[in-house]
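The values are calculated or read from the model by the stated rules, or taken from the named source; none is laboratory data. Owing to the predicted nature of the structure, the values given are computational and were not obtained by experimental measurement. Glycine also receives a Cβ, built like all others from the backbone with ideal geometry; neighbour counts cover every protein chain displayed.
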Amino acid sequence: MCDDDGGPSASAWYEEWRRSRKSHRCEACDETIRKGDRYHFASGICDGYPFSIKHCTRCWTIYEALRKAKPREQIALELNCGTPWKNAPPEIAALAFALPADFSAAPQEAR
């Protein structure tokens, strides 16, 4: 699996926000994305193999914040960059302890 979104080994990348028509599992937290929930979908080809990945709104928000805060680090789609994020912004740190079901507000572009 590619470690980031479209890095050197990804030959194709597509992403969009979707509304779930059935239950899915979030790749990062393994919590259920319930029917009717908004979620982030990405697919592509990495090292010659097709893949698709789904993230709950909470985990994708954390992932995007990590990419912006640490642009030189590769952030795995499983939200594992290998190092702790010290002094994370309070709004992002709070997400780390919320359950996806508690996170009802979708990012502006996801609404």
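List of remarks:
- For region 48-60, the condition holds for at least one residue, the condition being that it is in a loop (DSSP other than H, G, I, E, B), at pLDDT 85 or above, of a type outside the set (S, T, N, Q) and more than 16 Å from the chain's Cα centre (by Cα).
- Within the set GLY44, GLY36, GLY6, the sole residue that is modelled with pLDDT under 75 and not in a helix (DSSP H, G or I) turns out to be GLY6.
- Subset of region 31-73 (residues that are of a type in the set (S, T, N, Q) and touching a Phe, Trp or Tyr at 6+ places or on another chain (Cβ under 9 Å)): SER43, SER52, THR57, THR61
- Condition met for LYS70 (more than 23 Å from ALA12 (Cβ to Cβ) and either in contact with a Lys or Arg (Cβ under 8 Å, 6 or more places away or on another chain) or surrounded by 13 or more Cβ atoms within 10 Å (Cβ to Cβ) (or both)): yes
- In region 30-47, of all residues being under 14 Å from the mean Cα position of the chain (by Cα) and either surrounded by 20 or more Cβ atoms within 10 Å (Cβ to Cβ) or not polar (S, T, N, Q) (or both), the one that is nearest to ALA76 (Cα to Cα) corresponds to ALA42.
- Exclusive hit being modelled with pLDDT of 75 or more and under 10 Å from the mean Cα position of the chain (by Cα), set GLU27, GLU15: GLU27
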